[in-house]
Structures are given as structure tokens and as C-alpha cells.
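Read the structure below first, then the notes.
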């Protein structure tokens with residue numbers, strides 16, 4: 001793992017690193033030697049439980065084409081009906097929409113540093129863990145935080161977004 005935030009890192013990773021620094025986050029993002037496009041890949045690379053990965057799931061709100069970002073626990077699925085009940089009807093977001101609306105490619109969507117702020121919800125199931133890891137703007141980039149820090153960094157509400 002490398003904590004180097006030098007100029008040779010991808011733009012999304014640098015943007016997230018700069019955002020976290022500006023917000024006073026105590027943990028510098030790390031750039032993994034392997035990709036962590038999926039929650040399982042990230043958990044394996046970091047040696048943590050799958051649930052400790054704060055995976056980003058992006059939807060497209062139907063009424064206005066705004067991105068809806070759900071940050072959920074890596075071991076759980078998102079209940080689209082529950083999300084829609086909180087945000088309005090949503091549909092699938094393709095790779096082009098995700099990149100255009102967040103500034104990140106799928107597999108590297110961070111909860112911070114978006115080009116356009118999305119509507120965001122945080123899965124309350126993340127509170128099961130003291131330490132979680134989120135994407136840092138690139139499939140190889142991650143950063144450590146607590147669920148409380150995630151709320152503080154994003155201002156997003158905790159929500160019930162997983163199947164019961």
C-alpha cells in the first residue's frame with residue numbers, strides 16, 4: 001500500500017485526497033497495488049471483513065436525473081424500493097452517467113469529492129463497525145474512517161436501505 005498523493009496519481013484519487021485534507025480528515029488515502037473495484041476485492045486487499053467496506057452504489061433519480069449515492073456495507077445489498085421511498089423513484093445508472101455525475105468511474109466512487117454533489121444516503125448497517133474503508137476516487141484508492149466520520153464528512157443521513 002502506498003500513501004503517496006503525488007502528481008502521478010489519477011485525478012480522482014488526487015481530488016479525494018485534497019478534499020479529505022481540506023476537511024481535516026486524519027487518514028490519508030492509500031493507493032493499493034491491486035484493484036479494489038468490488039467490495040470483496042477491497043476487503044481481501046485490506047484484510048478486513050467484507051461488511052467494513054463502505055461500497056458506493058449510484059442510482060439515477062427518474063424525476064430529474066440527479067445521482068443518488070447510497071453508501072452501504074459491503075456485505076449487504078441495497079433495497080431499491082427503500083431508496084426510492086426516501087429519494088423518489090430511481091433507476092439504474094450506467095457507467096457514463098456515474099462518471100459524468102460524480103467524476104469517478106465505477107469501482108472508485110468516493111463519498112467525497114464529487115464534481116456535482118449527489119443526493120446521498122448512508123446505510124445504518126455501517127454502524128456495526130468502528131472502522132470502515134471507502135473508495136478514494138479510483139479503483140485502487142481507499143481511505144479509512146468511522147461511520148461517524150462518514151456522516152460528518154458528507155452531511156448525509158443514516159437510512160434503512162437494505163432488505164429486512
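The numbers here are math on the coordinates, done by the rules we state, and not lab data. As the structure is a computational prediction, the values presented were derived from the model and not from experiment. Every residue, glycine as well, gets a Cβ built from its backbone with ideal geometry; the counts of neighbours run over all protein chains shown.
Ordering 73, 110 from the fewest to the most neighbouring beta carbons within 10 Å gives 73, 110. Among 38, 19, a tally of other beta-carbon atoms within 10 Å of each Cβ gives an order, fewest to most, of 38, 19.
I want to verify a result. In a Gaussian network model of the chain, Cα cutoff 10 Å, which of these has the top mean-square fluctuation: 118, 89, 139? Result: 89 has the largest fluctuation of those listed. Radius of gyration (Cα atoms) of segment 15-95, expressed as a multiple of 2.2 N^0.38 Å: 1.28. Under 20 Å from a point 7 Å along the Cα-to-Cβ line of residue 84: which residues of segment 116-137 have their amide N that close? Zone members listed by number: 119-123.
Beta bridges assigned by DSSP with both partners in the chain are antiparallel in approximately 70 percent of cases.
Helix 11-22 and the longest principal axis of the Cα set of the chain meet at an angle near 90°. Mean residue ellipticity at 222 nm, helices only, the chain: -7500 deg cm²/dmol; runs of at least 4 DSSP H residues each add -39,500 (n - 2.57), and the sum is divided by the number of residues. What does the C-alpha gyration tensor say about the overall shape of segment 110-163? Classify as rounded when a/c is under 1.5, otherwise prolate if a/b is larger than b/c, or oblate. Note, shape of segment 110-163 comes out oblate. Given the choices [x] 1.06; [y] 0.94; [z] 1.14, Rg/Rh (Cα atoms, Kirkwood Rh) derived from the coordinates of this structure is entry [y].
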